[in-house]
Each structure stands twice: as C-alpha cells, then as structure tokens.
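*Asks:* I have a structure I would like to understand better, so I am pasting it below and will then ask my questions one at a time.
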There are 2 protein chains.
Amino acid sequence: MVSTRQWVLAKKPTHLPIFDGPNATFKLVDKHLPELQDGEVLVKVTHLSNDPAQRGWIAPDIKPERLYIAPVEVNEVMASGGLAEVVESKSKSFKKGDAVTGFVGWNELAVLSDKAVQPAFPILGGKKPQTLHLGAFGLTGLTAYVGLLDVGQVTKDDVIVISGAAGATGSMAVQIAKKILGVKKVVGIAGTDAKCRWVESLGADVCLNYKADSFADDLVAATPDYATAYFDNVGGEILDLMITRLGRGGRIIACGAIADYNSVRSKTSGVKNWFEIIAMRLSIHGFVVLDFLAKAPEATKVLLRALEEGKLIVDGGEQVVEVKFEDVPKTWVTLFEGSNTGKLITKIQ
Amino acid sequence: MVSTRQWVLAKKPTHLPIFDGPNATFKLVDKHLPELQDGEVLVKVTHLSNDPAQRGWIAPDIKPERLYIAPVEVNEVMASGGLAEVVESKSKSFKKGDAVTGFVGWNELAVLSDKAVQPAFPILGGKKPQTLHLGAFGLTGLTAYVGLLDVGQVTKDDVIVISGAAGATGSMAVQIAKKILGVKKVVGIAGTDAKCRWVESLGADVCLNYKADSFADDLVAATPDYATAYFDNVGGEILDLMITRLGRGGRIIACGAIADYNSVRSKTSGVKNWFEIIAMRLSIHGFVVLDFLAKAPEATKVLLRALEEGKLIVDGGEQVVEVKFEDVPKTWVTLFEGSNTGKLITKIQ
C-alpha cells in the first residue's frame with residue numbers, strides 16, 4: 001500500500017494564514033492512497049502553482065454555493081494546480097514517465113483520474129521550461145486571454161489599465177493586450193519601481209507604482225482622456241480609484257481582488273465611488289476562467305505562435321522556488337507579500 | 001420688462017441641504033427675464049418634479065465632467081423638470097395657454113427655447129392628471145422602461161428584485177416588470193410596511209421592509225433560488241446585500257444610489273461584497289435615462305396602452321404637495337426622508 005504526505009486544511013483563516021500554534025491554518029499528515037483503478041494514474045507531484053485565488057477556497061465567510069469550485073474543508077487536502085510525473089498508470093492515455101498538469105493538490109503523491117490531468121507537452125520542442133504549463137500556457141494565460149478577448153471585448157482602440165501588472169495574470173494581460181491585440185495604450189499598475197520597469201519591458205506604455213505618493217496624480221497623467229477598460233486583478237482602493245478614471249461607457253473586467261483576500265469581508269474598505277458607475281455608464285463583468293476551458297486550445301495556439309514569433313516574453317515571467325515539501329504553505333503565502341514577479345512556482349525538492 | 005423669483009444655488013451642500021444661516025444651500029432671488037426672441041416661449045411654472053438625481057447636480061465633490069449633465073453652479077437657478085403654461089409665445093410650435101413639460105428650473109416664470117419643452121398632451125383624453133407627464137409618462141417612467149428592457153434585458157423568465165420600489169421609478173419598474181413583461185417573480189424593497197403593501201397592490205409578488213430586523217432573512221426567503229436581476233435605485237447597504245442574493249450570471253441595473261447622495265463620498269459604507277461579483281460572474285450596468293430619449297415614443301405608447309387596458313395603476317402613484325414658491329426647496333428635501341410614496345410633485349400656489 002502506497003502512502004503520501006499531504007498538507008490538509010486545519011482551520012479556515014480569517015486573515016493571513018498562520019503556521020504555528022493551535023490556530024495554524026494547515027497541517028502536514030500522512031495518508032494511505034487508494035488502490036489504483038482502471039482509468040487512473042499514480043503521480044509524483046514535482047511543481048505546484050501558487051495562486052491568489054486559492055485563498056478564497058479556504059475563506060471562512062464564503063458559503064460554498066457562492067464559490068466557483070467546491071471549497072476546501074477542514075481535514076481535506078489543500079487544492080492546487082501543479083505539474084506531476086506519472087509513476088504508475090492504469091490509464092490508456094498516459095504511461096509511466098509522462099509529464100502531466102492538473103489539480104494535483106498539496107500532495108507528494110496522488111491518485112488521479114486520467115480525465116483530471118492533461119499532458120504537459122514540450123514547449124517550443126523542449127526549449128522552454130515545462131513550468132510554463134502553470135503560467136503562460138496554463139490557467140493563468142487563459143485567464144488573461146479570455147478576460148481581454150471574451151469578457152472585455154478589448155480591441156486595438158482601447159486605452160486599458162491593468163492592475164497587478166507584474167503578477168502572473170497581469171503580466172500576461174499586458175503582453176496579450178499590447179503585442180497580440182495591438183491595444184493603443186496599455187497602462188500597468190504594480191507595487192515597486194523595479195516591477196514597473198519589468199512590466200514596461202513586456203510592452204506596457206507605462207507602468208505606475210501604486211505605493212508612490214504621487215500615484216493618484218500619476219494615474220491621471222497616464223489617462224488624460226480617461227481609460228476605456230480596466231483589467232482588475234486587485235480590487236480594493238485601486239479599483240475604487242480606477243472607477244474615477246474610466247470614461248463614459250468604460251468596462252471593468254473583474255478578475256481578482258487580492259487586496260481583500262486576507263481580510264474579513266466586513267472590514268474591507270469597500271467601493272465608495274459607485275455613483276460614478278451610474279453617472280459614467282460603466283459596465284462591470286465578473287468572470288471565472290473555469291467557464292472558458294473550451295477556449296484553451298485557441299488560447300494555447302495563439303500564445304504559442306506569439307512565443308515562436310518572439311512577441312511573447314516568458315523568460316523572467318516565472319519565479320521558481322525550490323523548497324522541501326514541509327515549506328509548501330509558507331511559499332504560497334509569500335504571494336500576499338507582494339514580493340514575487342510573474343508566476344510563483346514551487347518546485348518540490 | 002418681466003421679472004421672476006427663482007431659487008438659486010447659494011452653497012453646494014456636503015450633507016442634507018440646509019435652509020438657514022450663512023451656509024444655506026439655496027437663496028431666493030429676483031431676476032429680470034430677457035426679451036422674448038423668435039422660437040422662445042415665456043412660461044409660468046405650475047408644477048415641479050422632485051427627483052433624487054437633482055442632489056447629484058449640486059454635489060461639491062463631483063467633477064463636472066463626471067456628471068451626466070452640467071452641474072448647477074453657485075448663483076445659477078436650481079435645475080428641475082416641471083410642467084408649465086405658455087403665457088406668451090414667439091414660437092411656431094406653441095401658443096398662449098398650451099401646457100408644456102421640460103426642464104423649467106425652480107422659477108415662477110421662465111423664458112425657454114421651444115426645443116427645450118414638449119407638449120403636455122391630455123392623458124386618456126384628460127381623464128388622468130397632467131402631472132403624470134412628470135412621472136409615469138415622463139423621465140421617471142422612461143427610466144423604469146429602458147432600465148428593464150434595454151439595460152437589463154429583463155424577460156418573463158427573470159426573478160427580479162427592485163429597491164426603492166415605492167419610489168417614483170421603482171413603482172413604475174414593479175408594474176412594467178410584472179404587468180407588461182410578465183416577469184416570473186418580482187420582489188420589491190421599500191421602507192415601511194404600508195409602502196410594501198402598496199407595492200404589492202401594484203403587482204409585486206412580495207415587498208420587503210428593509211427597516212425590519214428580519215430583512216436579511218426575509219430577502220433570503222423571498223429569493224430561495226437567488227435572483228437573476230436587481231434593479232437598484234438605492235445603492236449602499238441594500239446593494240451590498242443584494243450582491244450576495246444574485247445567482248450566477250446575475251445582472252445589476254444600476255439606476256440610482258439615494259442612500260449615498262447626502263454623504264461625503266469617502267464616508268459612505270462602500271460595497272464590500274465585491275468578491276462575489278467575480279465568483280458569481282455578475283454583471284453591472286450603470287445607465288442614465290438621458291441616453292435613451294429616442295425610446296420615449298415607444299415607452300409612451302406601451303405605457304399608454306397598458307393604462308387603457310387597466311394594467312398600469314397610476315392612481316396613488318403620485319403625491320402632489322401644494323406649497324408657496326418659498327417652500328419649493330424644503331418640499332424637495334423631503335424626498336430624502338423616505339416619507340413619500342410614488343412620485344413627489346410640487347404644485348406651486
């Protein structure tokens with residue numbers, strides 16, 4: 001009988017997840033794996049995707065029906081995307097040694113249905129890292145792609161502002177907007193000057209540091225005729241400010257709200273500029289990438305072509321941190337410190 | 001030379017308008033009217049429309065370009081819709097004695113372009129009051145009509161919640177939704193039990209008193225499978241709660257935010273449930289009726305037919321208060337006390 005270590009949820013956190021004491025958020029446990037059945041694979045997890053959205057899946061104040069996937073309950077393994085290698089197969093689709101990607105969870109080993117994983121094909125014939133399946137060529141890239149094209153109906157005539165522009169989704173959105181859609185003006189927002197310079201190197205016309213004292217003025221200067229669209233990865237005060245910087249008929253692509261994820265909801269600052277949504281005839285479109293999985297082949301094709309043509313920059317777009325399995329939760333929580341640039345990936349030692 | 005009394009803005013109010021002392025919001029002045037030119041009419045104002053939206057036009061913290069009409073500046077006459085009688089005409093469209101409707105302002109007499117007023121035709125051959133031109137057959141009725149049909153794309157299959165349901169726009173929206181569109185379920189929200197019973201008499205399946213301690217529970221009970229659409233006239237805490245009562249893909253028709261109009265914006269409670277806009281894929285559509293004036297003939301035709309067929313109830317849908325011209329501002333401010341039912345109209349003695 002095969003067993004694995006796994007990180008399970010111990011207690012739903014009200015603020016930032018914590019690691020010590022009786023209220024620790026996660027717990028490391030040993031678990032026996034079930035016998036492998038036909039159509040299943042036993043995989044060894046090699047890399048984990050670190051996503052802000054995971055914070056919502058363990059929030060104490062969200063009813064399950066108000067979440068877009070089943071929440072992680074206490075004593076269940078923490079949900080996570082990742083890369084894995086097939087160790088044993090009773091599937092016709094995969095053989096031992098195959099690289100796969102999917103929702104592998106915070107496991108060392110896992111038994112998964114072959115329908116729950118996809119092959120992690122070599123990117124540019126193996127010249128680019130497989131970890132791109134968790135970023136540019138995974139749900140992150142798809143989120144940026146469908147957020148711009150399907151949800152926001154963004155075209156070259158737009159003036160778009162993208163927050164969290166140095167993050168995984170934001171850095172892809174900047175590139176897709178500027179280099180694939182040819183959007184007239186792309187304004188990034190990020191949290192350090194260094195991140196901003198990187199976002200500009202990806203193609204943003206300008207990127208603004210929201211921690212600068214002059215940020216509100218900088219935003220006005222960057223959108224003298226107002227913006228037509230806003231791709232929002234952060235929520236909170238930046239969203240509230242952006243409501244005042246969208247022109248008549250502007251659209252908000254509501255993708256994420258990382259500013260609020262570690263707060264009790266009743267304590268968040270709240271959107272106060274609602275009146276301008278009415279007066280300026282703004283429209284807001286909340287979306288979840290899981291509704292757009294059918295668009296994945298199209299997005300992959302477009303993004304691969306852009307990569308081949310040298311338009312899509314992926315080098316520097318991911319930060320791979322190699323840690324012991326014991327440090328998986330702590331690595332994930334660094335997402336909320338604003339320290340990472342691009343996609344944060346955990347490589348398990 | 002003809003002169004008139006008029007109420008001008010004296011100081012933009014930060015909270016509820018005030019009437020006494022050096023910070024009084026409005027000032028009564030005498031003004032000479034210009035000589036009547038070709039294409040103009042001199043009118044005597046008989047009735048004024050009282051609208052929450054007027055509060056936005058005198059707000060101190062909104063930039064003019066962020067408003068949908070030119071704001072009223074200090075020493076300018078307060079803007080207002082109304083009914084008037086032509087006293088003298090140099091217009092080919094109107095003759096002395098004609099009843100007209102338009103933006104007449106808080107004037108006793110006014111000189112207006114004939115393009116700025118419309119004839120106030122007799123309703124049901126004169127069997128219904130002319131004041132309906134300010135409510136059901138004016139911008140109020142048009143707001144409800146286009147908000148439901150054009151902005152919200154509401155159909156009979158919706159479950160819609162309408163706030164401010166005993167107000168001018170809300171009471172029309174309830175009737176159009178239920179009796180013209182045949183919407184499956186219409187839930188009203190109003191501020192007293194008496195108002196709620198009246199809203200139910202207009203056709204709402206149920207109307208909830210938001211001041212009741214049980215309101216949040218009542219709203220859950222009224223929307224057991226969640227709502228598909230929300231016609232928002234109030235903003236504030238009710239809006240925030242409604243975000244949690246819209247099902248996946250739900251739409252918010254953002255029409256008004258009376259809860260916030262008398263607050264400094266930074267002090268409003270703010271929308272805190274933004275995350276559910278994302279997770280539940282909600283869409284929000286701000287709108288201003290002035291964009292839909294071309295739909296007025298269609299709306300008037302549909303609403304007149306509904307009136308003839310006995311579907312549209314207008315009796316009891318307006319509250320006409322007869323006051324001296326000196327009391328015009330005080331009458332308008334009662335709008336924000338939540339005391340009126342239906343359209344509040346000032347008849348000038």
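*Asks:* How about region A:22-81: which of its residues are hydrophobic (A, V, I, L, M, F, W, C), exposed (fewer than 14 other Cβ atoms within 10 Å of the Cβ) and either out of contact with any strand residue (DSSP E or B) (no Cβ under 6 Å at 6 or more places or on another chain) or closer than 20 Å to B:GLY247 by Cα (or both)?
*Replies:* If the condition is that a residue be hydrophobic (A, V, I, L, M, F, W, C), exposed (fewer than 14 other Cβ atoms within 10 Å of the Cβ) and either out of contact with any strand residue (DSSP E or B) (no Cβ under 6 Å at 6 or more places or on another chain) or closer than 20 Å to B:GLY247 by Cα (or both), then A:ALA70 is the only one that fits.
Yes/no per residue for (1) among the β-branched types (Val, Ile, Thr); (2) under 22 Å from A:GLY249 (Cα atoms); (3) free of Cβ contacts under 8 Å to residues at least 40 places away in the same chain; (4) more than 14 Å from chain A (Cβ to nearest Cβ):
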position: B:GLU35; (1), (2), (3), (4): no, no, yes, yes
position: B:ASP38; (1), (2), (3), (4): no, no, no, yes
position: B:LEU48; (1), (2), (3), (4): no, no, no, yes
position: B:ILE62; (1), (2), (3), (4): yes, yes, yes, no
position: B:ARG66; (1), (2), (3), (4): no, yes, yes, no
position: B:VAL72; (1), (2), (3), (4): yes, no, no, yes
position: B:ASN75; (1), (2), (3), (4): no, no, no, yes
position: B:GLY81; (1), (2), (3), (4): no, no, no, yes
position: B:GLU85; (1), (2), (3), (4): no, no, no, yes
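*Asks:* Could you go through region A:313-320 and let me know if any residue there is among the β-branched types (Val, Ile, Thr), within 14 Å of another protein chain (Cβ to nearest Cβ) and surrounded by fewer than 22 Cβ atoms within 10 Å (Cβ to Cβ).
*Replies:* no
*Asks:* Looking at B:GLY97, is it assigned to a loop (DSSP other than H, G, I, E, B), at pLDDT 95 or above and surrounded by fewer than 23 Cβ atoms within 10 Å (Cβ to Cβ)?
*Replies:* yes
*Asks:* Let me ask something else. When region A:255-267 is examined, which residues are found to be more than 13 Å from the chain's Cα centre (by Cα), within 7 Å of chain B (Cβ to nearest Cβ) and either surrounded by fewer than 16 Cβ atoms within 10 Å (Cβ to Cβ) or not acidic (Asp, Glu) (or both)?
*Replies:* Those that are more than 13 Å from the chain's Cα centre (by Cα), within 7 Å of chain B (Cβ to nearest Cβ) and either surrounded by fewer than 16 Cβ atoms within 10 Å (Cβ to Cβ) or not acidic (Asp, Glu) (or both): A:ARG265, A:SER266.
*Asks:* Continuing with this model, one more query. Consider region A:113-137. How many of its residues are crowded, with 23+ Cβ neighbours inside 10 Å, closer than 30 Å to A:ASP30 by Cβ and either aromatic (Phe, Trp, Tyr) or out of contact with any His (no Cβ under 8 Å at 6 or more places or on another chain) (or both)?
*Replies:* Of the residues in region A:113-137, 2 are crowded, with 23+ Cβ neighbours inside 10 Å, closer than 30 Å to A:ASP30 by Cβ and either aromatic (Phe, Trp, Tyr) or out of contact with any His (no Cβ under 8 Å at 6 or more places or on another chain) (or both).
*Asks:* Cβ contacts < 6 Å: first residue closer than 16 Å to A:LYS96 by Cα, restricted to region A:113-137; second residue crowded, with 18+ Cβ neighbours inside 10 Å and among the charged types (D, E, K, R), any location; separation 6+ or different chain. Result?
*Replies:* Sorted first by the residue in region A:113-137, then by its partner, the pairs are A:SER113/A:GLU40.
*Asks:* Identify, by number, the condition in (1) modelled with pLDDT of 95 or more; (2) over 28 Å from A:LYS44 (Cβ atoms); (3) within 23 Å of the chain's Cα centre (by Cα) that A:GLY270 doesn't meet.
*Replies:* Failed condition: (1).
*Asks:* Being free of Cβ contacts under 8 Å to residues at least 40 places away in the same chain, on the phi > 0 side of the Ramachandran plot and part of a strand (DSSP E or B) is the requirement here; does A:GLY102 meet it?
*Replies:* Considered against the rule, which asks whether it is free of Cβ contacts under 8 Å to residues at least 40 places away in the same chain, on the phi > 0 side of the Ramachandran plot and part of a strand (DSSP E or B), A:GLY102 comes out as yes.
*Asks:* Anything in region A:224-272 that is under 18 Å from B:GLY270 (Cβ atoms) and among the small types (Gly, Ala, Ser)? List them, or say none.
*Replies:* Answer for region A:224-272, where residues must be under 18 Å from B:GLY270 (Cβ atoms) and among the small types (Gly, Ala, Ser): A:GLY235, A:GLY236, A:ALA254, A:ALA257, A:ALA259, A:SER263, A:SER266, A:SER269, A:GLY270.
*Asks:* Okay, next question. Mind listing whichever residues of region A:278-311 are over 17 Å from B:PHE275 (Cβ atoms) and within 8 Å of chain B (Cβ to nearest Cβ)?
*Replies:* Scanning region A:278-311 gives A:ILE278, A:ALA279, A:MET280, A:ARG281, A:LEU282, A:SER283.
The values are calculated or read from the model by the stated rules, or taken from the named source; none is laboratory data. Since the structure is predicted, the reported quantities are computational estimates derived from the model, not experimental observations. Quick reminder, even Gly has a Cβ in these numbers, built from the backbone with ideal geometry, and neighbours come from all protein chains shown.
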